[in-house]
Amino acid sequence: MLHLNQTLQKRMLEYKNILGIILARGNSKGIKNKNLLKLKKKNLIDIAIKNSKKSKKIGKLVFTSDSQNLINKVKNKIDICIKRPKRLATDTASSYDVARHAVNWVQKNLNWNVDIVVILPPTTPFRKSIDIDKTIDLLFKKKTNSAITITEPTYTPYWMFTKNKKICKFLRPEGQKIQRRQDAPKAFQPAGMVYAIKKNLLFNMKGILPKKNTATYFVDKERAVNIDNMDDYNLAKIKLKKFTI
């Protein structure tokens, strides 16, 4: 165990500049002002800042938004705020695009070379600092370029299908042969809590995570609430009885 810890520490020294990015659009599409929804009198951005600040691995933490209103609300709670251009607040702009902009901004304005980027969406209020740190650790333990949090899907994808006019087609052809849920192969989905990516991969990758060698950190479905609509928000309010924020 001691040798393993020493090896891990050596690898981490090679990538010591870890940038945490909390990203929030001002104009949410699904729910108006989604990132300002409150749980126990704390909005989602404040919750994200609180649990991210407790990380022992993140070297610098930034907040990035196209909204000056959101920036004004958090500028006294986080040291670095980045106003991103409107082109990165459209439906076609991805979190990876926003992360690349934040990395370039930090390297140019703070003269701080980034090694690893950690994307931390505010919409996962039950994320803990240990989730962040263990996901980052996986990069070094597995010697990979990316690591993400995952969870179990609420419904097996083997029973999902597409529909074109009168034709239904299974996404997975073998799905039509599976009669019981427990007989379906184990499947997972991104939990949306933490995305840890080495900078070189972030700037060169096509598509989205996971990739073939992406390491995964499992989060129980009970905590893996990702607020995208009012049903998700109401579920989060119910689960406040079980989890602290």
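Do you know which residues across region 131-152 are more than 23 Å from Asp115 (Cα to Cα) and open to solvent by 40 Å² or more (accessible area, probe 1.4 Å)?
Glu152 - this is the single residue of region 131-152 that is more than 23 Å from Asp115 (Cα to Cα) and open to solvent by 40 Å² or more (accessible area, probe 1.4 Å).
Sort out which residues of region 58-68 are closer than 23 Å to Asn226 by Cα and either open to solvent by 10 Å² or more (accessible area, probe 1.4 Å) or acidic (Asp, Glu) (or both), and write them in order of number.
Ile58, Leu61, Asp66, Ser67
Quick check on region 14-41: of everything there that is among the hydrophobic types (A, V, I, L, M, F, W, C) and touching a strand residue (DSSP E or B) at 6+ places or on another chain (Cβ under 7 Å), which residue is most open to solvent (accessible area, probe 1.4 Å)?
Among residues in region 14-41 that are among the hydrophobic types (A, V, I, L, M, F, W, C) and touching a strand residue (DSSP E or B) at 6+ places or on another chain (Cβ under 7 Å), the one most open to solvent (accessible area, probe 1.4 Å) is Leu36.
Between Gln179, Gln189, which is within 30 Å of Phe243 (Cα to Cα) and either surrounded by fewer than 17 Cβ atoms within 10 Å (Cβ to Cβ) or without any contact (Cβ under 8 Å) to a residue 60 or more places away in the chain (or both)?
Gln189
Might you let me know whether region 82-102 holds any residue that is open to solvent by 40 Å² or more (accessible area, probe 1.4 Å), in contact with a strand residue (DSSP E or B) (Cβ under 6 Å, 6 or more places away or on another chain), within 21 Å of Ile197 (Cα to Cα) and in contact (Cβ under 8 Å) with a residue 24 or more places away in the chain?
yes
Pairs, please: C-beta under 6 Å, at least 6 apart or cross-chain, first residue among the β-branched types (Val, Ile, Thr) and in region 22-47, second assigned to a helix (DSSP H, G or I)?
Ile22/Ala48; Ile45/Asn35; Ile45/Val74
The values are calculated or read from the model by the stated rules, or taken from the named source; none is laboratory data. Just so it is clear, the structure is predicted and the values come from calculations on it, not from any experiment. Cβ: placed from backbone, ideal geometry, glycine included. Neighbour counts: every protein chain shown. Only protein heavy atoms, including side chains, enter the accessible area calculation; ligands, DNA and RNA are left aside. Shrake-Rupley method; radii C 1.70, N 1.55, O 1.52, S 1.80 Å.
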